[in-house]
Amino acid sequence: MGYIRSKDVDKLKSLSTLATLHANRNLAFIGPQGVGKTHLAMAYGRECCLQGYKTYFLKATELNQRFSEAIKYGREGSVVNGLVKPSCLIIDEIGRCVFNKENTRLFFDMVDRRYSKEGPNSMVFTSNLMPDKWCEFFNEDESLKCALDRIFDDAVVYMIQGESYRSKNLETYSIATTANRNK
């Protein structure tokens, strides 16, 4: 947490208590690339695992592909059931792929079932985009609006600002060549 400066840094530190999981609240980490959103989501998921809660992490592209395959093979119910089971479901990088209408409807079904799930339950989302921009990546407005309504009904959203941590150890060298005239 040494790199983080904010009046709300204690809120971030308290994530390890899993209070959001026990309160059935969702989490979202929103901000530009490279600021640690995925790292924070994975740390939260790890803490869930350490405390004995089933946790599942997948990229939005993987979720989209899983839905497409489920539709293709008629396994929509079992795929959604599998995504409802874990106490903590982490979906990384919302906004990296486009969900077609059928997949958007399955996304809503999953969110809806998790919304009314008993026991400790939390969904964690990471995105470079504010949720009002997610509609560009889901092709069924009403299903997405209903999903977003449930996701953010009682959520904790961390708006992360700053520069990318990536390339902080990048070394660059400037090298010039000259023509060899002594052949």
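Overview of values
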quantity	calculated
Options Leu148, Leu144, Leu83, Leu106; residue that is touching a residue at least 12 places away in the same chain (Cβ under 8 Å), over 19 Å from Leu40 (Cβ atoms), in contact with a Pro (Cβ under 8 Å, 6 or more places away or on another chain) and of a type in the set (A, V, I, L, M, F, W, C)	Leu148
Search result, residues across region 62-80 that are surrounded by fewer than 18 Cβ atoms within 10 Å (Cβ to Cβ), touching a residue at least 24 places away in the same chain (Cβ under 8 Å) and either farther than 16 Å from Asn100 by Cα or polar (S, T, N, Q) (or both)	Ser68
All positions within region 142-175 that are more than 28 Å from Asp8 (Cα to Cα), modelled with pLDDT of 75 or more and aliphatic (A, V, I, L, M)	Leu144, Ile175
Positions within region 6-34 being in a helix (DSSP H, G or I) and without any contact (Cβ under 8 Å) to a residue 60 or more places away in the chain, in sequence order	Val9, Asp10, Lys13, Ser14, Leu15, Ser16, Thr17, Ala19
Selected residue (only one of Val98, Val111, Val124, Val84 is within 15 Å of Arg25 (Cα to Cα), surrounded by fewer than 21 Cβ atoms within 10 Å (Cβ to Cβ) and modelled with pLDDT of 95 or more)	Val84
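The values are calculated or read from the model by the stated rules, or taken from the named source; none is laboratory data. Remember, it's a predicted structure, so these values are computed and weren't measured experimentally. When we count neighbours, we look across all protein chains shown, and the Cβ atoms used for this are built from the backbone with ideal geometry, even at glycine.
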